[in-house]
Amino acid sequence: MSKVPVLVIAGYGINSEVELVNGFELAGAAAHRVHLSDIVDGRVKLSDYRILAFPGGFSFGDHIASGRVLAVKIQAHLGEQLREAVAGGALVIGICNGFQVITKLGLLPLTQGAPKVGEEFQQEATLTHNDSGKFEDRWCPIVADPASPCLWTRELDRFELPVRHGEGKWIHRDEAIRSQILDHHLACLKYGSSDYPANPNGSQDDIAGVCDPTGRIFGLMPHPEVFLRGTQHPRWTRGAYDPSAEGAGLQILRNGVVAAA
């Protein structure tokens, strides 16, 4: 049986693609690190992949706003390809800066359903500056919603993942979008508490991760690609985590690979 092909986008300030490729390969996929220019120039097609992954980093130096310039570039050059890929059933994951990108593209939360080819996605939320006014680099408690349709968070309950961002505060566009997200359990991951630093950025409703109504498109601010094995947990030497156990991040990536198979 052939492995699930995963496209991990690189270039223009993205800097977590190597870790993400490694994570997907450990999860049993065939992951390929591809510079965005190779896709724009037609050397690589999105339709050849079952999973499209947008890693973390600082694309275009976070100019204007985190993820904004990369989102505009993708919409301008790859909008139709992306809509076709989503309509064809591809899974999408955006991590940290990648979450910012796909949110500003309008891929999340996508409460109104996927647009037809030729129509643009409409942005329904954003990720903006942390309430602390500073870059947050810490491990946070995360809680998964068991009622969520998210294919990536199945069998997850409470766990920890690291965050490292300056603009991770989730804000709904309006109350109608907020109701859609909460009523349909699209806020698939939440921080373990409303209090700082457990909620490191002040996200509305403590949102750490969001999916679309199909559960195939998923974005999160924490970094699953850096918690693949127990020894990556900062407190494993103190007995807080089994060093022989898999990290929760690997389970997230494996869930995506299994769903895409």
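Please give the helices (runs of 4 or more DSSP H) falling wholly within segment 1-99 in which 3 or more residues are of a type in the set (Gly, Ala, Ser).
Because the criterion is at least 3 residues that are of a type in the set (Gly, Ala, Ser), the helices (runs of 4 or more DSSP H) in segment 1-99 that meet it are 68-87.
Give segment 144-199 a look and list any residue that's hydrophobic (A, V, I, L, M, F, W, C), under 21 Å from residue 66 (Cα atoms) and touching a Pro at 6+ places or on another chain (Cβ under 7 Å), or say none.
Passing the criteria: 161, 163.
Pairs please, first residue from segment 227-251 and among the hydroxyl-bearing types (Ser, Thr, Tyr), second anywhere and surrounded by fewer than 12 Cβ atoms within 10 Å (Cβ to Cβ) and part of a loop (DSSP other than H, G, I, E, B), Cβ atoms under 7 Å, 6+ apart in sequence or on different chains.
Cβ pairs passing all conditions: 241/235.
Is there a residue being modelled with pLDDT under 95, on the phi < 0 side of the Ramachandran plot and surrounded by fewer than 16 Cβ atoms within 10 Å (Cβ to Cβ) anywhere in segment 94-115?
Among the residues of segment 94-115, at least one is modelled with pLDDT under 95, on the phi < 0 side of the Ramachandran plot and surrounded by fewer than 16 Cβ atoms within 10 Å (Cβ to Cβ), which makes the answer yes.
Please find, within segment 121-132, the residue that is farthest from the chain's Cα centre (by Cα) out of those that are in a strand (DSSP E or B) and crowded, with 21+ Cβ neighbours inside 10 Å.
Out of the qualifying residues, it is 125.
For a quick check of your reading of the model, give me the residue pairs whose first member lies in segment 212-226 and is on the phi > 0 side of the Ramachandran plot, whose second is surrounded by fewer than 24 Cβ atoms within 10 Å (Cβ to Cβ), with beta-carbon atoms closer than 6 Å and at least 6 apart or on different chains.
215/149; 215/151
For segment 133-225, give me every one of the strands (runs of 3 or more DSSP E) that falls completely inside it and has 1 or more residues that are touching a Lys or Arg at 6+ places or on another chain (Cβ under 7 Å).
So the answer is 136-144, 158-165, 169-172, 207-211.
Kindly check whether there is at least one residue in segment 66-76 that is of a type in the set (S, T, N, Q) and closer than 18 Å to residue 120 by Cβ.
yes
The values are calculated or read from the model by the stated rules, or taken from the named source; none is laboratory data. A quick note: this is a predicted structure, and the numbers were derived from the prediction, not measured. Cβ atoms come from the backbone with ideal geometry, glycine included; neighbour counts cover every protein chain shown.
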